[in-house]
Structures are given as C-alpha cells and as structure tokens.
C-alpha cells in the first residue's frame, strides 16, 4: 500500500478496499480495536470520503461513544448530504443520548431519498413509539416491514417498541 500521505491513495485501490472490508469484518466480530487498526492509515488521506467516515462511525457507535459519533455523523452530513448514513446515524446517536425528539426532527429533515431506505421508516417508528405517538409509529413500522420484512423480526425484541409489542 502506498504511504498514507501518498496523493495516489484512493478508494478504488485494492489495499484500501481490503482495509475497509477488514475493518467491517472486525466490527461484525465485535473487535472494534482491530477495526481502528485497519482504518488508521486511511483516516488522514481519505478521511473526507463517505465510506471512510462511515467506517469510523460504525466503530465509534459499536464502542457506544455517542457524542463523538454524533459529531462525525454531522460531519458526514455536511460533506455528503445526499448519503443516508449521515442522517440515519446522527439521529440514532441523538436517540441514544436521550434526545429522541431531536433525533426524529433530524431524521425527517433529511433528503427525500431517505424515504427509500427501510431503516428510515423503522427508526422513525421507534422514535415515535418512544415519544408516545403509537398510531404514527405503527404506520412507519408497517412501511419498513413492507420494504424489508426482516425488520418485523427486529421489532419484536426492540426495547424502543415495547409499547407496541402486542401489535407487532
């Protein structure tokens, strides 16, 4: 792999792709420290790219470092406003910080393309349920289930949806 400050380092470089994939794999295995090791050489030269930011964000969220993750998700929104991840992750971090109303407001203020992502509807349903708006929550969840039936399985054990358990 080229030196980290090499201007030729780019996202299509096989070594860069391998590092991102390895970091994702370590996260899936619950090994965030190894994920950090994989992306460390990418952070300075490629830290402005959405995929690199998303990987950092994934690791921070795994480590439950919500404030740092929120700051990074907001950066992702600024740099790549059309990417759903910045909006989804920023709202999730806000929710985890106990700022659910703000999480919902941020999520629904995102780009129109977010409405094509099942997780948008699922998270909207979770936030609405937490805010006591159960009818609206169910409508959002139904949309998520239509788009991706696997979300129904998640919903049955999601603590945010405890108030709707009998309707799921």
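A single entry from 19, 75, 65 fulfils the requirement of being out of contact with any strand residue (DSSP E or B) (no Cβ under 7 Å at 6 or more places or on another chain), surrounded by 15 or more Cβ atoms within 10 Å (Cβ to Cβ) and under 21 Å from residue 117 (Cα atoms): 75.
Residues of the stretch 97-107 that are over 12 Å from the mean Cα position of the chain (by Cα) and assigned to a helix (DSSP H, G or I): 100, 101, 102, 103, 104, 105, 106.
Could you check, for the stretch 78-85, whether at least one of its residues is in the same structural domain as residue 154 (by TED's automatic domain parsing), surrounded by 21 or more Cβ atoms within 10 Å (Cβ to Cβ) and within 15 Å of the chain's Cα centre (by Cα)? Scanning the stretch 78-85, I find no residue that is in the same structural domain as residue 154 (by TED's automatic domain parsing), surrounded by 21 or more Cβ atoms within 10 Å (Cβ to Cβ) and within 15 Å of the chain's Cα centre (by Cα), so the answer is no. Within the stretch 25-48, the set of residues being without any contact (Cβ under 8 Å) to a residue 40 or more places away in the chain and surrounded by 17 or more Cβ atoms within 10 Å (Cβ to Cβ) comprises 26, 27, 32, 35, 36, 38, 39, 42, 46. Note on the stretch 10-31: residues that are more than 14 Å from residue 51 (Cβ to Cβ) and in a loop (DSSP other than H, G, I, E, B) total 3. Filtering 57, 74, 29, 34 for residues that are in contact with a helix residue (DSSP H, G or I) (Cβ under 6 Å, 6 or more places away or on another chain), modelled with pLDDT of 90 or more and more than 30 Å from residue 102 (Cβ to Cβ) leaves a single hit, 34.
The values are calculated or read from the model by the stated rules, or taken from the named source; none is laboratory data. Model, not experiment: these values are computed from the prediction. Heads up, the Cβs are rebuilt from the backbone with ideal geometry, glycines too, and the neighbour counts pull from every protein chain shown.
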